[in-house]
Structure formats: structure tokens, C-alpha cells
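First the structure, in the form of C-alpha cells, and then the observations on it.
Taken together, the values in this text are just the output of simple stated rules run on the coordinates, not laboratory data. In this text, all values refer to a predicted model and were calculated from it rather than measured experimentally. Quick reminder, even Gly has a Cβ in these numbers, built from the backbone with ideal geometry, and neighbours come from all protein chains shown.
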Amino acid sequence: MNASEGVAPAIESILAAARERGGGDERVSVDARSLPAALSTAEADGRVPIIAEVKPTSPTTDGRRDADPVELATAMVDGGAAAISVLTEPDHFGGSPDALRAVRAAVDVPVLRKDFVLDESQLDTVEADAVLLIARFLDDLDGMIAAARERGFHPLVEVHTAGELDRALAADADLVGVNNRDLARLDVDLSTFERVSSAAPDDVTLIAESGIGSSEDARRMREAGADGLLIGSAIMDGDIAANTRRLTTAEVEA
């Protein structure tokens, strides 16, 4: 598989940098907080189950936010976030493993590691409760899912097409994120989740990723079957706690 074939230049650059990064010196072993359980608890409490993302910047975002990641994550939890996602990719997203370590020590909800993890050794970079695995960029998806689980991580397998969903399900993924962003053009279409997720079995936990900017978007993704929503820019732009609270109460206000 040529992972970078057909993707935008910005994604090619991210993949090139990821190939150059090493992994951890020692194999990690994680006593993970359950991401699916946290999403279910939020729903039972009457909140929209949101994974709020600490994202300093990205190739599709103008500017950079250099606030303390712990302060950001704490505000997100105060706003009702069920879990936190932390970018650890340094070159294009301004993230770091140190930021994730600090956030995970400060909050009591699950923390997702968001990065372009390309080989098993990179799983050992930092402990988290869940780790993102992007199906398109992994030849041995089965092996990476197994390796993540052996370390205690909950692997969140990201897909964008029906074919990638089939690969994820064949690899026994039970936590699947559908990315609404096209990695070739970098545009966003919320109908991607609606189209792709319709083929997922009921026992798979589904996360809608990218492009969720309003309460209306949140309701749309939930009505399409999303068990959780991964939201970054719409929360990071402005008052963190207020933005999170607005989105976690989207169904109450409908």
C-alpha cells in the first residue's frame, strides 16, 4: 500500500515526518480508562458524548493557541466532555507526548492519543487510554490493533470509506471513527459519516470526526448513529468551557 498516494501535500508532509520519528525506549503497559464506557456514561447523564480535542494548530487551522494544555483540558471536562483527545504530533499540529502526559495526570476521564502512528514502536511513545490508528496508512491493521490492545490501549480505528470500514471490521475493530474530512482535498462533508457508518454493526462504538462546528451538526451526527463526537476547532476557538457546554447540551436544547 502506498499510504501517501492521492492525499493532499499537507498530509504527505505529515506522513514523511511521522516516518522519521522513533518510538519509545520501553514497551508501555496501560491501565486504561474505558472510552466506550465514558461515552455511555455521558449519554446516561443527558450529555452529548463528546471527545474534546486539545489541538494547538493544524494544517487546516489559522494561527496557533499556546495555552496550557492542562488548563484547556480541565475547562473541557468542566464543560461536560466525556473524554479528551490530545495531539502528540509536533511538526504540523503543535502537539507533544509531554502535553498528553500532563493532561492525563490532571483529568479523570479517558485520554485519546491523536497522532499518525505508523509502526508498533511508536505505540510506546506515551501512555494513553486510547490511541488513534488510521486504517488508510496501516498495511498491517490487524497487527497494529492487536499490538495496541496488548499494551492496554483502546484502539480507535479511523476510516473514511466503506472499504476502509470493511478492513477495520475484518481486523476486529470495535471502536471506529469515521473522518468527515477528505484527505485528498481536505474538505469536510458530514454526509461521509452518514454514508459510511450505516454499514457498521450495532456492537461497534462509532465516533464522528471532523467538521462538527455547531449544535445542529452535533445533533445531525447523533441522529445518524454516532455514539460519540470528536470535536477540536469548534471548542478551541473562544471560551473553552462555554463552547464545550454548548455542544454537550445540544440535544437538551433541541
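Details
- Net length available on complete extension from Asp202 to Asp91 is 36.2 nm, with 0.36 nm assigned per residue and the Cα-Cα distance removed.
- When Rg and the Kirkwood Rh are both derived from Cα coordinates, the Rg/Rh ratio for the chain amounts to 0.92.
- Taking packing as the residue-averaged number of other Cβ atoms within 10 angstrom, the listed peptides 83-90, 240-247 run from highest to lowest as 83-90, 240-247.
- J(HN,Hα) series, region 19-32, from Karplus relation 6.51 cos²θ - 1.76 cosθ + 1.60, nearest Hz, glycine and proline x: 5, 7, 7, x, x, x, 7, 10, 5, 8, 9, 10, 9, 7
- Long-range amide H partners of Ile134 with built H, under 5 Å: Val117, Glu158
- Relative packing of 72-80, 91-99, 39-47, which averages over residues the other C-beta atoms within 10 Å, highest first: 72-80, 91-99, 39-47
- Nitroxide proxy distance, nm - points 7 Å out along Cα→Cβ at Glu71 and Asp31: 3.2
- Computed from backbone phi, the HN-Hα couplings of region 159-176 come to 10, 9, 10, 5, x, 5, 4, 4, 4, 4, 5, 5, 8, 6, 5, 10, 10, 10 Hz, rounded to whole numbers (Karplus: 6.51 cos²θ - 1.76 cosθ + 1.60, θ = phi - 60°; Gly and Pro given as x).
- Between Glu216 and Asp187, the C-beta separation translates, for a Förster distance of 22 Å, into a calculated FRET efficiency of about 0.70.
- Gain on full stretching of the segment that runs from Ala146 to Ser13 - 0.36 nm per residue minus C-alpha separation: 45.1 nm
- Top of Glu71, Glu20, Glu127 by mean-square fluctuation, Gaussian network on the chain, Cα under 10 Å: Glu20
- Per-residue ³J(HN,Hα) for region 77-88, Karplus 6.51 cos²θ - 1.76 cosθ + 1.60, θ = phi - 60°, Hz, x for Gly and Pro: 5, 4, x, x, 4, 7, 7, 10, 10, 10, 6, 10
- Distant-in-sequence amide H partners of Gly24 (H built 1.01 Å from N, under 5 Å): Asp124, Thr125
- Taking the chain and dividing mean pair separation by its residue count, relative contact order in percent (alpha carbons under 8 Å, at least six apart): 22
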